[in-house]
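Some notes on the structure that comes next.
All of the numbers you see were taken from the coordinates with simple rules; none came from a lab. Note that the structure is a prediction, hence the values are computed from the model and not measured. Cβ coordinates were reconstructed from backbone atoms using ideal geometry, including for glycine residues, and neighbour counts include every protein chain displayed.
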């Protein structure tokens, strides 16, 4: 069984992406790792090239400024990396620049890939998510955070990255058929120094607004990001991936949250009750078909 990792990145240093940790976290499961490095204004390419592994293959890309509406350029960059994967690959492991895999799931993932490798009905493998927010100590719990997503796909040229690179589809907008893994992806996209978080938010306005960033938008998104404006969090009591140790130790801002407070909607409360009673969370968006 051959496994290829793939990802994309741009301006990782400027916006403090844990891309090195992301790559290192999936590398033990991969025979090669394709990294599409965009036309950055910092030393991102040098950073990726400094990772000590002969599995990594960099492809240099230029982000298409015509695809900024709705984050489509992110899917375009994902597809560039996906198309560069070796032809003899069985499974393709996708990781985004702010996602990290915990090593405790390696055996589970290997077993899943081996179990479903020869079943062509299975297009991909589904992961659960932990969305960290404000610091490395809190996890978001409201329904606006996606709970599952596809991160391993079969090496099939009919598969492509969907919309803003949230997930994958095949053929003509057909959802992938997937098997669920008992494994989590740790998402750290909302854990950055408050100033860097605001810089990232302002920059991402370029990729959802078609590049039409107004003076008012810039004014409203200046200074430091206010992490206190969140509906509900819970304390994280587990361990982080080992590759995150140094980054966590260097955390230089403070964030604390009153766990007795939440601003959940009636719909969220209903979902929580139903999940507690039945084990199923109703009405959640699913970008896949679970088989």
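Taking the fewest neighbouring Cβ atoms within 10 Å as the starting point, the ordered list for 192, 163, 202 is 163, 202, 192.
With the cut-off at under 19 Å, measuring from each backbone N in segment 2-31 to a point 7 Å along the Cα-to-Cβ line of residue 248 picks out 17-27.
By how many nm would the segment from residue 119 to residue 42 lengthen if fully extended, with 0.36 nm per residue of separation less the alpha-carbon distance?
Values: separation 77, 0.36 × 77 = 27.72 nm, distance 4.33 nm.
Here the answer is 23.4 nm.
When the Gaussian network model of the chain links Cα atoms closer than 10 Å, the mean-square fluctuations of 145, 116, 190 top out at 145.
Remark: 121, 174 ranked as 121, 174, counting other beta-carbon atoms within 10 Å and listing the fewest first. Its relative contact order, with pairs defined as Cα atoms under 8 Å and 6+ residues apart, puts the chain at 21 percent.
Considering helices alone, the calculated mean residue ellipticity of the chain at 222 nm is -7000 deg cm²/dmol, with DSSP H runs of length four and up weighted by -39500 (n - 2.57) and normalised per residue. Taking 251, 33, 198 as the candidate residues, the one with maximal mean-square fluctuation in a Gaussian network model of the chain, Cα springs under 10 Å, is 251.
Full extension of the segment from residue 291 to residue 258, taken as 0.36 nm per residue of separation minus the current Cα-Cα distance, would add 7.9 nm. In the elastic network of the chain, a GNM with C-alpha springs shorter than 10 Å, the most mobile of 36, 81, 180 is 180.
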